Amino acid sequence: MTDARTAPGTPPAAARPGVSAGAGLTELGTPIPVRRLPRWGFHQHNELLHGRIAMLGFIALLAVEWKLRHGILIWP
């Protein structure tokens, strides 16, 4: 049985990937996806975190070199 708000041939919410059977519905009747957290490995949130930490480290390096008035690897 299809709902009037869903397109014909659309699988039910439980059959779609990333949507659990117990997921709630929005005001329009579309299912709210349930997010699964990754367990290990390279994932987008890890890459964003490491990239931001690297940017902070680079800015800190520039600040130290500016304060010392010479490069950190070239010690007089």
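The values are calculated or read from the model by the stated rules, or taken from the named source; none is laboratory data. Here the structure is a predicted model, which is why all the values come from computation and not from measurement. Cβ: placed from backbone, ideal geometry, glycine included. Neighbour counts: every protein chain shown.
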Please determine whether any residue of the stretch 9-32 is modelled with pLDDT of 85 or more, in a loop (DSSP other than H, G, I, E, B), surrounded by 10 or more Cβ atoms within 10 Å (Cβ to Cβ) and among the aliphatic types (A, V, I, L, M). yes
Out of the residues in the stretch 38-57 meeting the condition of being surrounded by 10 or more Cβ atoms within 10 Å (Cβ to Cβ) and not in a helix (DSSP H, G or I), tell me which one is modelled with the lowest pLDDT. Pro38
